[in-house]
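Visitor: Mind looking over this structure? Questions follow.
FYI, it's all coordinate maths here, none of it is from the lab. Please read all numbers here as calculations on a predicted model, not as lab measurements. Counting neighbours? That spans all protein chains shown, and the Cβs are built from the backbone with ideal geometry, glycine included.
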Amino acid sequence: MHDPNVASTPTCVVAEDETLLRHALVSELARAWPGLSVVAECEDGASALEAIAEHRPDVAFLDIRMPGLTGMEVAAAAAEASPETHIVFVTAYNQYAIEAFDQGAVDYLLKPVQPERLDATVARLQARSTQPDLASLKALLKRLDAAPGAAGTPEPLTWLTASAGRETRLVLVEDVVYFRADQKYTTVVTAEGESLLRTPLRELLPRLDPKVFKQIHRSTIVNMRAIAGVIRDESGRGTVRLRGRDETLHISQPFMTLFKTM
């Protein structure tokens with residue numbers, strides 16, 4: 001957050017996986033808050049968290065349901081990566097969750113975003129001079145996580161069809177050590193070697209069991225059961241040691257908050 005004694009341009013990050021909705025929100029923000037600078041537009045939770053950690057914006061508009069990290073997970077990690085950032089959730093949630101928002105320390109916008117509602121949210125944000133109430137934010141995130149209808153995701157994948165040269169392989173998902181982004185495709189790494197999946201990482205992530213597979217970098221997803229240890233250096237960055245493989249994996253600093261219990 002900026003020094004309150006120094007005039008500066010307010011900044012924000014917008015995270016929404018649907019391109020048209022993201023562009024529409026950015027356009028409406030330009031109308032409702034002409035002085036606001038959108039420093040990053042993100043289409044998934046990982047890039048949103050990294051953008052928040054890098055830019056430390058005044059405000060982050062987070063879609064709750066995004067590929068990979070959800071808006072709630074991004075908000076929880078952002079509370080440590082950039083505690084000065086005010087969170088505004090963009091949601092299509094049911095009434096139960098809306099009641100939770102109304103009692104919380106963050107703002108929310110319902111999809112499709114209405115100009116009048118956005119104007120009111122902008123006015124509240126402009127009037128605030130204090131840091132977000134992080135304790136209330138964390139309490140709200142716990143309540144939202146337990147809200148009816150917060151689930152609804154498809155069953156996790158069990159098998160993958162990947163290629164290794166001219167060979168097509170059936171890979172059991174639980175045997176995957178980690179996934180690595182490879183341009184428009186994804187490299188699948190197991191104890192036996194590597195193969196190529198013709199699915200982008202961001203499309204694969206929502207189909208994986210979130211209790212088993214965690215994103216540790218914008219381009220890397222790791223099987224938590226394959227982790228032998230996590231090494232933290234003095235700067236706060238982390239490295240994952242793997243069971244049965246010699247290479248190590250880099251953890252982007254914003255994602256280290258997801259490994260606090262390890």
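Visitor: Could you list, in sequence order, all residues of the range 193-241 that are exposed (fewer than 15 other Cβ atoms within 10 Å of the Cβ), farther than 15 Å from V177 by Cβ and of a type in the set (K, R)?
Guide: Once the filter is applied, which keeps residues that are exposed (fewer than 15 other Cβ atoms within 10 Å of the Cβ), farther than 15 Å from V177 by Cβ and of a type in the set (K, R), the range 193-241 yields R198, K211, R232, R237.
Visitor: Among all residue pairs at least 6 apart or on different chains, which show Cβ distances below 6 Å where the first residue, located in the range 244-259, is β-branched (V, I, T) and the second is in a helix (DSSP H, G or I) and crowded, with 17+ Cβ neighbours inside 10 Å?
Guide: So the pair list comes out as T257/A77.
Visitor: Another one. Among the residues of the range 161-182 satisfying the criterion of being among the charged types (D, E, K, R) and not in a strand (DSSP E or B), which is nearest to the chain's Cα centre (by Cα)?
Guide: If we filter the range 161-182 for residues that are among the charged types (D, E, K, R), which is where we start, we get 166-167, 169, 174-175, 180, 182.
Filter again for not in a strand (DSSP E or B), leaving 166, 174-175.
Details: R166: 35, E174: 23, D175: 25 Å.
In this case the residue turns out to be E174.
Visitor: So, in the range 209-227, of the ones that are of a type in the set (S, T, N, Q) and in a strand (DSSP E or B), which residue ends up nearest to A191 (Cα to Cα)? Give the steps one after another, and end with the answer.
Guide: First pass over the range 209-227, keeping only residues of a type in the set (S, T, N, Q): 215, 219-220, 223.
Those left that are additionally in a strand (DSSP E or B): 215, 220, 223.
Details: Q215: 19, T220: 17, N223: 12 Å.
Looking at residues that are of a type in the set (S, T, N, Q) and in a strand (DSSP E or B), I get N223.
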